[in-house]
Amino acid sequence: MTEQGMETMQTKYWKASPNAEAFDPAILEAAEYLRSGRLVAFPTETVYGLGANALSTEAVEKIFQAKGRPSDNPLIVHIADPGQLDDLVLEYDAPVKQLIEAFWPGPLTLVLPVRPGAVSPRVTAGLSTIAVRMPDHPLALHLIRAAGCPVAAPSANRSGKPSPTAAEHVRNDLDGRIDGILDGGHSGVGLESTVVEWADGKVWILRPGGITPEDIRRLGLAVELDASLQSTGGDSSDAASSFDGVKEAGGPTPRSPGMKYRHYAPKGMLSIVQGDNPQKVSAYIQERIDEAKAKGEKTGILAFEEHLPYYRADVVLSCGSQDDLSSAGKLLYDALREFDREGVSYILAEGFREDGLGLAVMNRLHKAAGGRLIHI
Ligand code: TXA
Ligand code: MG
């Protein structure tokens, strides 16, 4: 038995090209695993998901065990066709249809009233709503279609670790704890989907992601951020590292249960430095890094490509150009894992503008930093 009381098991590996045909033997075997109640990690356009047959309580239960996930955090159900939605949810309003037409397949998760008995109650953690999305990745779509069931899938990482954007990350976190991994290369967006709920004539963003508030406003719909997202700044806790399922202190209770947990944390102490004057930010970061180094810390900096020449630290990583936040989305989780691999103990990251994709990137970075944000 392992530390979590789980038997270790043999994890099967399949490799498939992202453009594989629907009848690729790897996909068909992985689908059979899913149908028969086993856990299979698979690529989506956002991050890798850890899939289980959403109809089977026994299968879904294994997700919580493998990840060490708090049981009150519900799962997203993945479908391969918008038509499958009607089996899962009760009636919905026209704007929801608009969102589906505009963004599915894609990184948008809809929270809707669940059709009683449609999936295992473990999927929804006892809520009266269910989160559903149709991923925009050919392998994921082939797999879900071949499995012939809705697939419950959280991100395929151990709870509290950064979400996996490559099969290798899944292997590091979950080898021996799950039945299989379908390796389909790197995921695209790099950040999890945007989670939204339609209520009171507005689209409420419960978790920011690849579909931005601006994208949704362009459909002529009113958009509002959940209260828990409107208070990112300010506090700085002294916790040196995070633990699985540790609740973040303070602030309004989020409507998306998963958002109350501290997430995506590297092992080192990470803080964000933000300010209007880039020169001042760089100078401040370098000064603090030099101090930390003098105290014997292994130091790391996460910065925009354009600013890399200004920095000296044990590990300096790029989050891409400041003119292209989509690369920050793609690189963020890789960077957090890289700091861990290098054993970095003290990390400073440059902050992002919170418009467009920057909202999602800052949200994840803020969580990774356990709320430590320094305004200068
Ligand atoms: O991009 C993604 O969404 C990835 C890939 C694998 O599809 N999945 C993912 O799942 O990020 P997970 O479990 O790591 O995050 C699901 C989020 C959590 O914050 C959870 O609380 C929220 O969705 N959620 C699930 N069901 C909900 C519900 N009924 N009401 C509100 N929030 C819900
Ligand atoms: Mg997750």
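The values are calculated or read from the model by the stated rules, or taken from the named source; none is laboratory data. Given the structure is predicted, the values throughout are model-derived calculations rather than measurements. We place every Cβ from the backbone using ideal geometry, glycine too, and count neighbours over all the protein chains shown.
Regarding the range 138-154, can at least one residue be identified that is in a strand (DSSP E or B) and either over 20 Å from the mean Cα position of the chain (by Cα) or buried (at least 21 other Cβ atoms within 10 Å of the Cβ) (or both)? Checked the range 138-154: at least one residue is in a strand (DSSP E or B) and either over 20 Å from the mean Cα position of the chain (by Cα) or buried (at least 21 other Cβ atoms within 10 Å of the Cβ) (or both). Restricting the search to strands (runs of 3 or more DSSP E) fully inside the range 262-376 and requiring at least 1 residues that are of a type in the set (Val, Ile, Thr) and more than 29 Å from residue 172 (Cα to Cα) gives 269-274, 373-375.
Residues that are surrounded by fewer than 16 Cβ atoms within 10 Å (Cβ to Cβ) and over 17 Å from residue 267 (Cα atoms) within the range 294-304 comprise 294, 295, listed in sequence order.
Pairs meeting the criteria (first residue in the range 139-157 and farther than 24 Å from residue 73 by Cα, second residue within 16 Å of ligand 2 (Cβ to nearest atom), beta carbons under 6 Å, at least 6 apart or on different chains) are 139/43; 143/42. Among the conditions (1) farther than 16 Å from residue 273 by Cα; (2) among the hydrophobic types (A, V, I, L, M, F, W, C); (3) touching a helix residue (DSSP H, G or I) at 6+ places or on another chain (Cβ under 6 Å), the only one that residue 319 does not satisfy is (1).
Return a yes/no flag: does the range 106-125 have any residue that is more than 16 Å from ligand 2 (Cβ to nearest atom), in the same structural domain as residue 18 (by TED's automatic domain parsing), under 17 Å from the mean Cα position of the chain (by Cα) and not in a strand (DSSP E or B). Yes, the range 106-125 contains a residue that is more than 16 Å from ligand 2 (Cβ to nearest atom), in the same structural domain as residue 18 (by TED's automatic domain parsing), under 17 Å from the mean Cα position of the chain (by Cα) and not in a strand (DSSP E or B). Would you check if residue 211 is part of a loop (DSSP other than H, G, I, E, B), under 20 Å from the mean Cα position of the chain (by Cα) and modelled with pLDDT of 95 or more? Yes, satisfied. Among the residues that make up the range 144-163, is at least one of them under 22 Å from residue 210 (Cα atoms) and more than 16 Å from ligand 2 (Cβ to nearest atom)? Yes, the conditions are met somewhere in the range 144-163.
With more than 23 Å from residue 259 (Cβ to Cβ) and either touching a residue at least 24 places away in the same chain (Cβ under 8 Å) or more than 14 Å from ligand 2 (Cβ to nearest atom) (or both) as the only criterion, which of 42, 64, 103 stands out?
The match here is 42.
All conditions but one from (1) at pLDDT 95 or above; (2) in the same structural domain as residue 344 (by TED's automatic domain parsing); (3) of a type in the set (Val, Ile, Thr) apply to residue 195; the one that does not is (2). Looking only at residues that are within 16 Å of ligand 1 (Cβ to nearest atom) and of a type outside the set (D, E, K, R) in the range 257-296, which one is modelled with the highest pLDDT? In this case the residue turns out to be 265.
Listed residues 123, 196; which is crowded, with 24+ Cβ neighbours inside 10 Å, of a type in the set (A, V, I, L, M), within 11 Å of ligand 1 (Cβ to nearest atom) and more than 17 Å from residue 84 (Cβ to Cβ)? Result: 196 is the single residue among 123, 196 that is crowded, with 24+ Cβ neighbours inside 10 Å, of a type in the set (A, V, I, L, M), within 11 Å of ligand 1 (Cβ to nearest atom) and more than 17 Å from residue 84 (Cβ to Cβ).
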